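Input: a single structure, listed below in structure tokens.
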Amino acid sequence: MWMGLSYVCWGIAAVLAAWMLYDWFKVDTTYSEAVLTSSREGELEAVSEKHRI
Amino acid sequence: MTAAVETGLTTTIHGDRVSLLRVLGPAHVWALGVGIVLVGEFTGWNFAADKGGALAALIVCWIVGLLYTSVAMIDSEVTSTVAAAGGQYAQAKHIVGPLMAFNVALFLVFAYTMLEVSDAILLGDTIVAKAGVEGLTHNSFIAATIVVLAWLNYRGVLMTLNVNFVITAIAYISIVILFFSVSPWTQGAVLKLNELVTPGNSLPYGWIGVIAAFQFGIWYYLGIEGTTQAAEEVRSPARSLPYGTMAGMITLLIAAAMTWYVCASLMPWEYLGITYYPLWDAGKLTGSPLLENLLFIATLLAALASANGCINDAARAWFSLGRDRYLPSWFSAVHPRYRTPYRSILFLLPIALAFAFIADLNQAITFSILSGVLQYTFMSINIMMFRKKWPLGSIRRGYTHPFHPLPAIVLFCLCMVTFFAIFLGFGSQLIAMTIFYFLISLWFHFYRYKFVRRGDQFSMPWPKPQGY
């Protein structure tokens, strides 16, 4: 059982790492660098936040 | 970008900037701080008993508790005023200067990444110890721990810290259950403190053993200051950060006292000082399979919660360095959908994996403790400068810590004692790290600082400091 769990762990790690790399590529090719790095320190945006997921 | 942008990610961005989300409350701050620290009760603190005996482990529990209470009070005051990701880095930048800030950020990244590595190794080793299967190694469990938690952090801070709250609470409650299961009010039935800790063996190496025990006494509370990294993501920094941090510190003081009492009453100091699983062993020694399994699971959950919080904090410190161009601004990207510093999370992921596969637990722990103590030393100087440059009444503070400058002086003195204790045990690592920070400071001063937009980095709307 423990050896099986070990293989499952390798599998989960590989799948999630691949997903993150895919998402990273997709985001970086969809948005401009200016948008992605537009965060500024200490900004309060909660009041006007209209972010929708 | 002022117009809404529709993409294949079904994300809409309004306004000019993509920033971290302000979605956290005091409970998340508590979960971040206590989550990082609580693993220290499950392993780490007990090595203090090896250095100086069971009583030394208790003495440092209280004295180092004083150190961290000072840290929590000082941190709460400054962070309730400097509410920015990066925590102590942002504090140092505004109060001391860029070179100090750069070093503090590196202290943070090293302390949290090495702690994450230690947590992952502990989790892997615990599973291997439980399994007892020949040929089973910890590598797969380490990889899964680091990658799954990085993925969780990548997907959003709210879910990350909700998970941390639940698993930290379960791990904490397991300590409470263990404590009340062994009839702590009765000696002799299960607990045998008066037989195991006697005047003859309580301090086997005398008071120098107590000093040496400081090195591992740090583990009772190491990382509570990590709450400040959430400053830019809490809804009300001035309220949530002091409340979450102080509540976390009180929680930890209670957990530390219960842990010492149960473990020192069940195990001789010679064994307590060398085991990697003091609470799990305590569960076994009660003879209850239920408690044994509960403490096994709690050890895993505590390691997970700690690694989770460490990924959160290290990524935000690295992200802040990029945002101020102390490092390439590429690192300051925020995910437009999940609102997390995704490039910093991904950049630190293989570094943590590499260290987890090649470093041993003792080395990783030592580098984490060293970076942590360097940071606390900075905090004692930082608060003195903060109060001098911006005295009470000159700027609005969310929290004002009492008895200033006593906590700062206590903190500085205890840091010096801890440095001495580390020097006794790991002198070469202490010297190596000092040389590393000196060389990296030269690099920053003579090369990197020319890329920094000097006016942009100071974001707090404060009046000029006194004497400016």
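The values are calculated or read from the model by the stated rules, or taken from the named source; none is laboratory data. These numbers come from a predicted model, not from an experiment. With ideal geometry, Cβ positions are generated from the backbone for all residues, glycine too; neighbour counts draw on all protein chains shown.
Values as computed for the structure displayed
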item: Among the candidates B:L241, B:L222, residue that is crowded, with 24+ Cβ neighbours inside 10 Å, in contact (Cβ under 8 Å) with a residue 60 or more places away in the chain and not in a helix (DSSP H, G or I); result: B:L222
item: Residue in the range A:20-35 that is surrounded by the most Cβ atoms within 10 Å (Cβ to Cβ), counting only those that are facing chain B (nearest Cβ under 7 Å) and either touching a Phe, Trp or Tyr at 6+ places or on another chain (Cβ under 9 Å) or outside any helix (DSSP H, G or I) (or both); result: A:Y31
item: Complete set of residues in the range B:419-468 that are touching a strand residue (DSSP E or B) at 6+ places or on another chain (Cβ under 8 Å) and loosely packed, with under 11 Cβ neighbours inside 10 Å; result: B:P463
item: Selection status of B:L178, assigned to a helix (DSSP H, G or I), at pLDDT 95 or above and farther than 15 Å from B:L38 by Cβ; result: no
item: Among the candidates B:F110, B:F141, residue that is of a type outside the set (A, V, I, L, M) and farther than 22 Å from B:I224 by Cβ; result: B:F141
item: Members of the range B:235-272 that are among the β-branched types (V, I, T) and out of contact with any strand residue (DSSP E or B) (no Cβ under 9 Å at 6 or more places or on another chain); result: B:T245, B:I250, B:T251, B:I254, B:T259
item: Matching entry among B:S70, B:S80, B:S76 (being over 23 Å from B:R454 (Cβ atoms), surrounded by 24 or more Cβ atoms within 10 Å (Cβ to Cβ) and touching a Ser or Thr at 6+ places or on another chain (Cβ under 6 Å)); result: B:S76
item: Filter result for B:F444 (hydrophobic (A, V, I, L, M, F, W, C) and within 29 Å of B:Y243 (Cα to Cα)); result: no
item: B:A85 vs. criteria surrounded by 24 or more Cβ atoms within 10 Å (Cβ to Cβ), part of a helix (DSSP H, G or I) and within 14 Å of another protein chain (Cβ to nearest Cβ); result: no
item: Number of the condition not met by B:Y261 [criteria: (1) part of a loop (DSSP other than H, G, I, E, B); (2) of a type in the set (F, W, Y); (3) more than 14 Å from chain A (Cβ to nearest Cβ)]; result: (1)
item: Candidate set: the range B:323-337, residues that are more than 8 Å from every other protein chain (Cβ to nearest Cβ) and of a type outside the set (D, E, K, R); chosen: the one nearest to B:F102 (Cα to Cα); result: B:Y326
item: Count of residues meeting criterion [in a helix (DSSP H, G or I) and over 17 Å from the mean Cα position of the chain (by Cα)] in the range B:128-149; result: 13
item: Residue check for A:A17: farther than 13 Å from B:V334 by Cα, within 7 Å of chain B (Cβ to nearest Cβ) and at pLDDT below 85; result: no
item: Filter pass, B:A101 being surrounded by 24 or more Cβ atoms within 10 Å (Cβ to Cβ), in contact with an Asp or Glu (Cβ under 7 Å, 6 or more places away or on another chain) and either of a type in the set (D, E) or within 14 Å of chain A (Cβ to nearest Cβ) (or both); result: no
item: Which numbered condition B:T418 fails, given (1) within 17 Å of B:F367 (Cα to Cα); (2) without any contact (Cβ under 8 Å) to a residue 24 or more places away in the chain; result: (2)
item: Residue match in the range B:357-374 (condition: farther than 30 Å from A:D28 by Cβ and part of a loop (DSSP other than H, G, I, E, B)); result: yes
item: Residues satisfying the stated conditions in the range B:421-440, i.e. among the aliphatic types (A, V, I, L, M) and in contact (Cβ under 8 Å) with a residue 60 or more places away in the chain; result: B:A421, B:I422, B:L424, B:L430, B:M433, B:I440
item: Top-ranked residue in the range B:342-383 [being surrounded by fewer than 19 Cβ atoms within 10 Å (Cβ to Cβ) and of a type in the set (V, I, T); ranked as farthest from the other protein chains (Cβ to nearest Cβ)]; result: B:T377
item: Some residue of the range B:394-413 being hydrophobic (A, V, I, L, M, F, W, C), touching a residue at least 60 places away in the same chain (Cβ under 8 Å) and out of contact with any helix residue (DSSP H, G or I) (no Cβ under 6 Å at 6 or more places or on another chain); result: yes
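Residues checked against (1) in contact with a Pro (Cβ under 6 Å, 6 or more places away or on another chain); (2) small (G, A, S); (3) free of Cβ contacts under 8 Å to residues at least 24 places away in the same chain; (4) crowded, with 23+ Cβ neighbours inside 10 Å:
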position	(1), (2), (3), (4)
B:V117	no, no, no, yes
B:L136	no, no, yes, no
B:T145	no, no, no, yes
B:A150	no, yes, no, yes
B:N162	no, no, no, no
B:G188	no, yes, yes, no
B:E195	no, no, yes, no
